[in-house]
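The values are calculated or read from the model by the stated rules, or taken from the named source; none is laboratory data. Not measured: the values here are computed from a predicted model. Cβ placement follows ideal geometry from the backbone for every residue including glycine, while neighbour counts extend to all protein chains displayed.
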Amino acid sequence: MSSDSQATQESSTIGRRRPGDSVFAGLSVSAGVVILVTLFLVAAFLVVEAVPAITAAPEEVRGGQGLVHYVAPLLVGTLISAAIALLVATPLAVGIALFISHYAPRRLAAALGYLIDLLAAIPSVIFGLWGIFVVGQWMMPVQSGLIDYLGFLPFFGGNPSPKSMLVTGLVLAIMILPIMTAVNREVFLQAPRLHEEASLALGATRWEMIQQAVIPFGKSGVISGGMLGLGRALGETMAVAIILSPSVRFTPVITSSGNPGTIAGDIALQFPESSGMDVNTLIASGLVLFILTLAVNMAARWIVSRRAEFSGAN
């Protein structure tokens with residue numbers, strides 16, 4: 001058989017699509033379309049149901065002072081609790097991921113990986129109960145010390161309480177640890193082996209090798225894992241509703257009760273007894289949370305896409 005005829009036969013085989021490939025391509029496209037349609041329908045529902053509260057007179061909205069006055073403290077509380085969770089969980093997730101990927105023996109690393117992943121299977125209501133009865137009590141002397149020694153800062157003051165924003169943020173930090181640790185662990189394991197060996201061959205210690213080869217390679221992965229954890233913390237409901245003692249006021253203090261609530265927690269607490277315009281107000285606050293979490297996840301996906309373009313040669 002000549003080379004020309006062989007090339008023609010190969011090109012015809014490549015150009016002809018197998019039935020299995022067509023079915024798989026159709027299913028994949030359909031799944032993608034379903035996701036987009038679902039997202040559009042959810043957004044459309046929130047907008048339609050939120051319009052009455054957006055256009056209503058201030059006295060008709062829950063609280064009697066307008067939608068912005070009602071949603072703004074909840075938005076602040078949501079951001080504060082998520083920020084505390086992210087600040088606490090990020091170094092823990094990076095440290096655990098580095099230990100599992102570069103320090104622990106293989107069997108211990110596998111066991112620790114399973115244990116961290118099991119945290120994601122615990123229901124949020126269990127975290128809430130554990131937070132208010134265990135973590136809250138443990139944090140009472142810590143909060144008292146923060147108030148006594150750092151009371152000159154605007155974040156620490158009042159009477160220490162197990163229902164404080166600080167306790168809520170710590171519980172959220174534990175809840176978002178699994179997803180952040182999993183992302184960081186996989187990124188660190190993908191660090192170029194040649195770079196690590198070259199660093200060690202030049203006389204670097206293991207920690208210096210991690211600083212020179214592993215962390216720079218996984219920096220964008222750490223950021224994307226943090227963004228994914230932030231999205232989870234922003235939308236957490238039951239644990240926050242159980243622990244936090246919300247109020248409709250702005251306060252930077254995180255060591256006492258009376259903090260502003262969160263959007264998700266407020267919806268969970270208020271929705272069963274709401275009707276009429278109150279329901280529209282809660283849906284409008286849900287629309288704000290939807291936009292916020294969508295922006296966070298889009299930023300995370302953008303960072304992940306940048307990470308995909310990074311190669312070990314860069």
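Observations on the model:
- Helices (runs of 4 or more DSSP H) within region 151-233 that include 3 or more residues modelled with pLDDT of 85 or more, hydrophobic (A, V, I, L, M, F, W, C) and in contact with a Ser or Thr (Cβ under 8 Å, 6 or more places away or on another chain): 165-189
- Residue within region 199-209 that is on the phi > 0 side of the Ramachandran plot and not aliphatic (A, V, I, L, M) present: yes
Here is a yes/no grid of residues against (1) modelled with pLDDT of 80 or more; (2) part of a loop (DSSP other than H, G, I, E, B); (3) over 29 Å from the mean Cα position of the chain (by Cα); (4) not acidic (Asp, Glu):
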position	(1), (2), (3), (4)
ASP4	no, no, yes, no
ALA7	no, no, yes, yes
ILE14	no, no, yes, yes
GLY20	no, no, yes, yes
VAL33	yes, no, no, yes
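- Test: residue in region 56-66 that is part of a helix (DSSP H, G or I) and surrounded by 14 or more Cβ atoms within 10 Å (Cβ to Cβ): yes
- The residues of region 249-287 include none that are under 22 Å from the mean Cα position of the chain (by Cα) and aromatic (Phe, Trp, Tyr).
- Selection from region 87-109 of residues that are more than 26 Å from the chain's Cα centre (by Cα) and closer than 20 Å to ALA120 by Cα: LEU108
- Filtering region 237-246 for residues that are surrounded by fewer than 17 Cβ atoms within 10 Å (Cβ to Cβ) and either closer than 28 Å to LEU98 by Cα or not acidic (Asp, Glu) (or both) leaves a non-empty set.
- The residues listed here are ALA89, ALA104, ALA121; of these, the one that is aliphatic (A, V, I, L, M) and touching a residue at least 60 places away in the same chain (Cβ under 8 Å) is ALA89.
- Test: SER164 is out of contact with any Phe, Trp or Tyr (no Cβ under 6 Å at 6 or more places or on another chain), crowded, with 18+ Cβ neighbours inside 10 Å, of a type outside the set (Asp, Glu) and on the phi < 0 side of the Ramachandran plot: yes
- A single member of THR293, THR262, THR251 is at pLDDT below 85, buried (at least 17 other Cβ atoms within 10 Å of the Cβ) and either over 16 Å from ILE84 (Cβ atoms) or touching a strand residue (DSSP E or B) at 6+ places or on another chain (Cβ under 9 Å) (or both), and it is THR251.
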